[in-house]
1. Please work out the Kirkwood hydrodynamic radius for the range 88-168, using every pair of different C-alpha atoms, and report it in angstroms with one decimal place.
2. Roughly how many Å² is the accessible area per residue of the range 25-168, as a whole number, for a 1.4 Å probe?
3. Rounding to the nearest 20 debye, state how big the charge dipole of the chain is about its Cα centre with +1 on each Lys and Arg Cβ and -1 on each Asp and Glu Cβ.
4. What are the DSSP H helices in the chain that stretch 20 Å or more along their long axis, judged by alpha-carbon atoms, and whose average Kyte-Doolittle hydropathy comes to at least -1.0?
5. Grab the alpha carbons of the chain, take their convex hull, and tell me the volume per residue in Å³.
6. How big is the range 42-97 along each principal axis, measuring the range of its Cα positions in Å and listing the largest first?
7. Roll a 1.4 angstrom probe over the protein heavy atoms and tell me the percent of accessible area of the range 62-142 that is carbon or sulfur.
8. At a 1.4 Å probe, what is the % contribution of carbon and sulfur to the accessible area of the range 1-55?
Amino acid sequence: MSLLLPDTGLLFWMSLVFLIVLFILWKWGFPVIVKMVNDRKAFIDESLRKAHEANEKLANIQKEGESILQEAREKQAQILREAAETREAIVKKAEDKARDEGARLLADAKAQIETEKQNAIRDIRTQVAELSVQIAEKILREKLSDQKQQNELIDRLLDDISVDNKKE
């Protein structure tokens, strides 16, 4: 027998054992292996699908976060605009109020000055009238110190009155 060529009996038994092992593997071994490979494939596919969904959710969350951030920026800008408008309205209102108050105070001051002026003029007239009466009284006393001058003045006044009555 040659070492390179197997004997036919050995070849028969080796083939038979090979076919039996192949049948056993085919019947019970390969289905388990194929099931494990398919389960592993399904697990990997499921993991990939979940990873893809997670990436999509992350992208959606990022988009949503950006939209919320943009909305917050818009609200901030709106609040700042409203605050500026409110500040301007308050400043304008305060300016108007100060202007009105200033005008009122100026008008009150003018009225008070005019009142004081009228009072001063009235006081001056009163004093001038009193002084005039006092001066006239002193002058008349000097001129009418004797009885003759007093009678002449009375006659002259009566003549003036009678002339005035005739004219009417």
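1. Numbers: mean 1/r = 0.0545 Å⁻¹.
Here the Kirkwood hydrodynamic radius works out to 18.4 Å.
2. In whole numbers, the range 25-168 has 93 Å² accessible per residue.
3. Working: 28 positive and 31 negative charges, 235 e Å.
It works out to roughly 1120 debye.
4. On the way: long enough: 8-24 (24 Å, 2.58); 30-143 (164 Å, -0.73); 147-167 (30 Å, -1.30).
Span-like helices here: 8-24, 30-143.
5. Here the figure is 270 Å³ per residue.
6. The Cα atoms of the range 42-97 stretch 79, 8, 5 Å along their principal axes.
7. So the carbon and sulfur contribution to the accessible surface is 58 percent.
8. 77 percent
The values are calculated or read from the model by the stated rules, or taken from the named source; none is laboratory data. All of these numbers come straight from a predicted model, not from anything done at the bench. Cβ sites come from the backbone with ideal geometry, for glycine too, and all protein chains shown count toward neighbours. Only protein heavy atoms, including side chains, enter the accessible area calculation; ligands, DNA and RNA are left aside. Shrake-Rupley method; radii C 1.70, N 1.55, O 1.52, S 1.80 Å.
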